[in-house]
Structure formats: C-alpha cells, structure tokens
Ligand code: ADP
C-alpha cells in the first residue's frame, strides 16, 4: 500500500479523499493555488504545496507543477478527484513516465471514453445499447441534414470532446438545423479546442440513469446499481438519487449485468460511470465517465461501501473488495448540490461565509469544505457542499432531506438551498415522476 498520496484537487472532493487516506493510515498531500492558501483541504491534509496562481490553468491544471509537488513530497500516487485533470489521458501518461501511480483507469481507457464517438463505438461493441445517431462525426451542414432526415427530428448536436453540458444544441426541424449545427460547433471549438460534432436522436422525455461500475483491472467487473440524475439545469445535475425511482429490480440486474460484463472485458481499473438515457423501459448509452462522480455518495449510502478506499486499493495492486453477489441495496439515498449561486438566475455568488453549520443526525452526510469565516474565491466552480441523506425508503429519505435542509446554515452568501426547499413541496418530486426536462420547465414557471 502507498505511504503517501497527493490529491490534485480542491474543495469537498479533496476532503473526501483525505478522509479515506487517513482511515487507511496513508499520509496526504494537498496542493493549492495562492487563492486557496486558507482552504480547508490545505488545513486538513498532512502536508501542502502551493502550485501556482489563482487561475486553474496555472495551478490545478498545471501538470509540471503537480508532478514537481509529488517529487518534493515523495508522494507515490495521485488521486485526481473529479474535474481538473481527472480525465486527462496525457496527464496519466506523464505520471506513468515519472513512476507515479494514477488512482484511476489507464490512459488508454480514459482516451477511448473521452472521445464520445469512440466511446459510443466501444460501448456498442461491448453489447451496451446506444442512442441512435450519426455514424461518427458530422463534417458539414449537408451531412447533418441528410442524417437528421434519416433519424427523424428532433435531433441533438453534441461535441465529440464534450463535457459539462457544453457544445450541445437541439434542432427541432430542418429550418433550425443549420444554426444549431454552427452554434454547437463554435461552442465546441471555444470550450474544448476541437470543433468536431456528432448527432443523436433527441429523446423527448427520458430520465438520466447512470450505472456505477468498478473494475479490478484484471478482467473482473461489478456494478453498484444506478443513480437517477434527471433533475438538471442546463444539462447539469442538481439533485441525484439512488436507487432510481423508476427502475425495477429486473431492469437493474439486466443493465447492471451488461455494464459489469463490459467493464470486465475492457480490463477497466477502478471506478467508472456508464450514463444512459432511459425511456419506455429502454436504456440508451450516452457516455462513460472514467472517474469518481460528484454524486458517488448516494451509491455509497445504499451499498454501505467506500468507493475511494476501493479506488486506492485497486491502484495499489490489491484486490478490490467487491463481489457482485455480496453487493445489496439497503434503503434510499438522495444528494442535493449546494452551490454558491443566487436565484433566480443562478449567478455565481462567491464571498465570505459569516456562519456555517452543517446538519447532522441519523442518515445525514454533509460533504463540504466550508467553515466559519472562509472566503469562497471567485475562480473555481460554485459547488460548496453536498448534502446526502439516507433513509429506509424514498419517503423517509425525502423527510430527512427536508429536516436536514432546515438545520443547515450558510450565512453571508446566497445558495441554492431555497430551490431544494421549494422542490420538496412538489408532488412530482415526492412521487419521483420527473424526466430530464422537468426542472427546466418548473424553473420557467416558478422562478
Ligand atoms: P456532458 O458530457 O456534457 O455532460 P452528456 O452526453 O452526458 O454530456 O449529456 C448531458 C445531458 O444532456 C444528459 O443528461 C441529457 O439531459 C442531455 N442529453 C444528451 N444527449 C441527449 C439525447 N440524445 N436526447 C435528449 N437529451 C440528451
């Protein structure tokens, strides 16, 4: 096992990894920008290294700075968290060349899944059902028109290199296709430096269902059920739950079995998420994320497992402790993403936290890097905390969420907490009857 791990991230996910390290008796190294000198992850780690100025390009995304921090501190492995360098195959390659272990899958697997076209082709070849769409990239408007006519409108144009909901445009008919195509391409170019796009049939009322998978890197793969992340704003998740309210035990076993087998065949190492759109009892693959997800705690809650511990074990060459027939679901879990944002426009709202109090009690987990007097810097994403509740069933989880939100205090800035208070009163949320469009429609009417 490693003696020392460097965490190439910040905020709540850095804390999450430091906590796993400490429980495993592994020393932790935090890295930080000059804007984060007072951040909680720096305070909580055993050691810390400043790796650059506030801009993440020159700090959290700087491969030379991070490799140097490893060499200075003698860290043997790097946990990337999510975002930043977590799905950067070139980074993983550099680490390999320096004899530093990356806690995650191989550079080759990251590369395959990072390009959405090769990801889809790979998924298909492994027996995973995919969304009907173009064969590979769509080079020009003429091809787009031809493919769309064959597929039937509406269609969605997506960036091959996409992520975070950017570079995606829907065209409902031929008249709107050309502008949607050009906008998606321009967005893809500016966000990812790659303007290749592809096209899919736009599903009308699907749910976003993702399967948590885990591989030992030696041919064994398991699944840990699904999460329903359909409540989204601008293709970004805000509320996640597990198990999915609309998924039956038979469906879980079927799609989970397909995913676990695929992960085994790939020889995939560590945690991954296979994302689907789900409509009328059918699953359609959209992408695979080759990292720990923000919403992983809901899976941890219902399975009673520690995904980060298993990631570290597999990266160190030890056996993963998961066996499919010993993995069983207990109860229901919900996570809400608390962002430093001001409603109704969700404008980023950094600033000083005058008072912070985390909720507690049975079945409540708060993953956050906030503390009294902390100033949220304006340079990074606005996620400031995740509130996760676990109950014996969905009803109890909802009641617990309501109770825990009531206990939470974040004074000094605006947050998305009022959104969740309002959502909990909605009959559709109470019954679990929502698609990926539900929240956008609700926001139009209510905010
Ligand atoms: P990203 O990597 O940017 O998150 P995804 O491919 O995972 O992009 O898609 C994000 C979200 O966009 C999905 O959860 C869904 O809400 C919507 N979406 C993507 N593809 C389709 C599609 N074919 N039909 C309808 N909605 C889609």
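Can you pull out every residue in the range 406-439 that is within 22 Å of the chain's Cα centre (by Cα) and either more than 25 Å from residue 332 (Cα to Cα) or more than 16 Å from the ligand (Cβ to nearest atom) (or both)? Result: 415, 416, 417, 419, 420, 423, 429, 432.
Criterion applied to 360, 412, 385 was being out of contact with any helix residue (DSSP H, G or I) (no Cβ under 8 Å at 6 or more places or on another chain) and at pLDDT 95 or above, and the one residue passing it is 412.
Search the range 170-184 for residues being away from the ligand (no atom under 11 Å from the Cβ) and in contact with a strand residue (DSSP E or B) (Cβ under 7 Å, 6 or more places away or on another chain), and hand back the single one that is farthest from residue 291 (Cα to Cα). Spell out how you get there, then give the answer.
Of all residues in the range 170-184, those away from the ligand (no atom under 11 Å from the Cβ) come to 171-184.
Narrowing the set further to residues that are in contact with a strand residue (DSSP E or B) (Cβ under 7 Å, 6 or more places away or on another chain) leaves 171, 177, 180-181, 183-184.
Numbers: 171: 31, 177: 34, 180: 30, 181: 30, 183: 29, 184: 26 Å.
Across the range 170-184, the extreme among qualifying residues is 177.
When 31, 42 are checked against the criterion of being outside the structural domain of residue 370 (by TED's automatic domain parsing), touching a helix residue (DSSP H, G or I) at 6+ places or on another chain (Cβ under 8 Å) and in contact (Cβ under 8 Å) with a residue 24 or more places away in the chain, 31 stands alone in meeting it.
At least 1 residues being at pLDDT 95 or above, within 16 Å of the ligand (Cβ to nearest atom) and more than 20 Å from the chain's Cα centre (by Cα) is the threshold, and among the strands (runs of 3 or more DSSP E) wholly inside the range 185-284 those reaching it are 197-201, 269-279.
Would you be able to say whether some residue in the range 344-358 is more than 30 Å from residue 213 (Cα to Cα), touching a residue at least 60 places away in the same chain (Cβ under 8 Å) and assigned to a strand (DSSP E or B)? Taking every residue of the range 344-358 in turn, at least one turns out to be more than 30 Å from residue 213 (Cα to Cα), touching a residue at least 60 places away in the same chain (Cβ under 8 Å) and assigned to a strand (DSSP E or B).
With respect to residue 114, determine if the residue is within 18 Å of the chain's Cα centre (by Cα), more than 17 Å from residue 276 (Cα to Cα) and within 11 Å of the ligand (Cβ to nearest atom). No; evaluated as a whole, the condition is false for this residue. Of the candidates 334, 312, 302, the single residue that is under 28 Å from residue 385 (Cβ atoms) and in contact with a helix residue (DSSP H, G or I) (Cβ under 6 Å, 6 or more places away or on another chain) is 334.
For (1) closer than 21 Å to residue 285 by Cβ; (2) assigned to a helix (DSSP H, G or I); (3) within 11 Å of the ligand (Cβ to nearest atom), each residue gets a yes or a no:
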site: 138; (1), (2), (3): yes, no, no
site: 150; (1), (2), (3): yes, yes, no
site: 158; (1), (2), (3): yes, no, yes
site: 165; (1), (2), (3): yes, no, yes
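Summed over the range 288-307, residues that are within 16 Å of the ligand (Cβ to nearest atom) and on the phi > 0 side of the Ramachandran plot total 0.
Number of residues in the range 148-169 that are out of contact with any strand residue (DSSP E or B) (no Cβ under 8 Å at 6 or more places or on another chain) and within 21 Å of residue 135 (Cβ to Cβ): the value is 3.
Among the residues that make up the range 416-423, is at least one of them in contact with a helix residue (DSSP H, G or I) (Cβ under 8 Å, 6 or more places away or on another chain), touching a residue at least 40 places away in the same chain (Cβ under 8 Å) and crowded, with 21+ Cβ neighbours inside 10 Å? Can you show your working first?
The initial filter retains those residues of the range 416-423 that are in contact with a helix residue (DSSP H, G or I) (Cβ under 8 Å, 6 or more places away or on another chain), namely 417, 420-423.
Of the ones still in play, those that are also touching a residue at least 40 places away in the same chain (Cβ under 8 Å) are 417, 420, 423.
Now drop any that are not crowded, with 21+ Cβ neighbours inside 10 Å, which leaves 420, 423.
Taking every residue of the range 416-423 in turn, at least one turns out to be in contact with a helix residue (DSSP H, G or I) (Cβ under 8 Å, 6 or more places away or on another chain), touching a residue at least 40 places away in the same chain (Cβ under 8 Å) and crowded, with 21+ Cβ neighbours inside 10 Å.
Under the condition of being over 17 Å from residue 14 (Cβ atoms) and in contact (Cβ under 8 Å) with a residue 24 or more places away in the chain, which residue from the range 363-374 is nearest to the chain's Cα centre (by Cα)? Selected residue: 364. Residue 123 meets all of the listed conditions (1) modelled with pLDDT of 95 or more; (2) part of a loop (DSSP other than H, G, I, E, B); (3) within 21 Å of the chain's Cα centre (by Cα) but one, namely (2).
The values are calculated or read from the model by the stated rules, or taken from the named source; none is laboratory data. Given the structure is predicted, the values throughout are model-derived calculations rather than measurements. Cβ sites come from the backbone with ideal geometry, for glycine too, and all protein chains shown count toward neighbours.
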